[in-house]
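Below you'll find the structure, written out as structure tokens, and then a few comments.
Each value in this text was obtained by applying a stated rule to the coordinates, not by laboratory testing. No experiment lies behind these values; they were computed from the predicted model shown. Quick reminder, even Gly has a Cβ in these numbers, built from the backbone with ideal geometry, and neighbours come from all protein chains shown.
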Amino acid sequence: MPLRTILLPGFGILFLQVALEASLGVFDIQVNISGITGVQIKGRGEKHLNIITHDIHVLNLILGTTTYTSTLYSIDSLDIDGDISSLVTITTKTFLRYDKLRELLRSIRLYYPNMKVIVADDNEKPEKIEDPFVEQYIMPYAKGWFAGRNLAVSQVTTKYFLWVDDDFQFTEDTKIEKLVEVLEGTDLDLVGGNVAGNHFSFKLIFEEGDDEGDCLHWQGGGYHQIEGFPNCVLTGGVVNFFLAHTERILGVGFDPKLNRVAHTEFFIDALGRLRVGSCNHVTIGHQKKDQLKDKKPIKDSQKYDFFRQNTAEQVRTKLGLLYFKNRLSCFIKH
């Protein structure tokens, strides 16, 4: 009836139900329920356990004696406990783009409010990031791209880290959990995603040479689909949005001599040492290059563009390092 208060008939709790699920083991209970009425238990000794009862005290009694037994032996395997923050740390490097960094952090907090973010910062005049879940590490001015990566990853204490650029943007399709599933379900060490619709990956094909050195071929795409994950391919390198096994990446590292534009060089260093995959079903956004009205962001943007450009001398040094480290006589992009 309009403007009246009435009781809602039929509201109440008839029974309580708990459903447990595991991927690497089975559940059981250590209490005798034969003398307890009104209890249904399905899935003892299986990966899915369902408990139904109308009595909260009985439910707590059963839950208090529930056991989990791992049935898969693998030193790299674990069941995800529901808190993705205990498995993954987000890492990034920032330089002259605090406006972009703050937008990245804002978007992260929409979907992962408690996940730790590690920021390597080599700005000349650092600005403190106010976020209880952000660790900001200040570096010498313009120390460089790969030096920042090394610093950020070296501070990760979780099993995995997610690398993102400081001008990326989390969306509802940025599902870190899906990338974790890929690494947990395969022997991959690193898996990349999709950036603003760009599913970028490339193959690195080694060709044995002579006394003058070997040859390395760069070719877009992947080698083949990954079994059990139809949206993923095995590849040699991916875009700057990837989830990786922390300890294994630290075993390769990022060459700090590469202080400007560098990306493929890491995957060349990792060739034969890391298994790399690329998936198109996990996406992150890329912030638009807005028309800046404030003078400081405009000045910083222009300065950033300057640092993004390699001089002729830097290109020669970069190529010399590539050829010398890897004993190459040629590097060919197809």
Cβ-derived FRET efficiency at R0 45 Å, Ser70 paired with His224, nearest 0.05: 0.90
For region 16-70, just say rounded, prolate or oblate: build the C-alpha gyration tensor, square-root its eigenvalues into a ≥ b ≥ c, call rounded for a/c under 1.5, and beyond that prolate if a/b exceeds b/c, oblate if not. prolate
Relative contact order (%) - region 137-238, alpha-carbon pairs under 8 angstrom, separation at least six: 17 percent
Given a cut-off of under 8 Å on Cα pairs at least six residues apart, what relative contact order in percent is computed for region 16-70? 47 percent
Asserting the computed 222 nm helical MRE of the chain (DSSP H runs at least 4 long, -39500 (n - 2.57) per run, divided by residue count, to nearest 500) equals -7000 deg cm²/dmol
Longest segment of the chain with no chymotrypsin sites (Phe, Trp or Tyr not before Pro) in a DSSP loop having at most 10 other Cβ atoms within 10 Å? 74-334
Return the whole-Å distance between the Cα centroid of region 20-72 and the Cα centroid of region 167-209. 37 Å
Most to least packed among 50-62, 33-45 [average Cβ atoms within 10 Å]: 50-62, 33-45
Quick check: pseudo-label points 7 Å beyond the Cα along Cα→Cβ at Ile36 and Cys215, how many nm apart are they? 7.1 nm
Restricting region 209-274 to GluC sites (Glu not before Pro) in coil, as DSSP defines it, with at most 13 other Cβ within 10 Å: Glu212, Glu227
In region 117-177, the GluC sites (Glu not before Pro) that fall in loop regions by DSSP, at most 16 other Cβ within 10 Å: Glu124, Glu127, Glu130, Glu172
Net +/- balance of residues flanking Leu321 in space, Cβ distance below 9 Å, scoring K and R +1, D and E -1: +1
Taking 0.36 nm per residue of sequence separation and subtracting the Cα-Cα distance, how much length would be gained by fully extending the chain between Glu313 and Asn60, in nm to one decimal? 84.1 nm
For a quick check, take a GNM of the chain with Cα springs below 10 Å and name the residue from Asp167, Asp211, Asp269 with the largest mean-square fluctuation. Asp211
Percent relative contact order of the chain, based on C-alpha pairs within less than 8 angstrom and at least six residues apart? 16 percent
Once you have the Cα-Cα distance between Glu208 and Ser329, take 0.36 nm times their residue separation minus that, and quote the gain in nm to one decimal. 42.5 nm
Between Leu8 and His48, how high is the FRET efficiency from 1/(1 + (r/R0)^6) when r is the Cβ-Cβ distance and R₀ = 25 Å? Nearest 0.05. 0.15
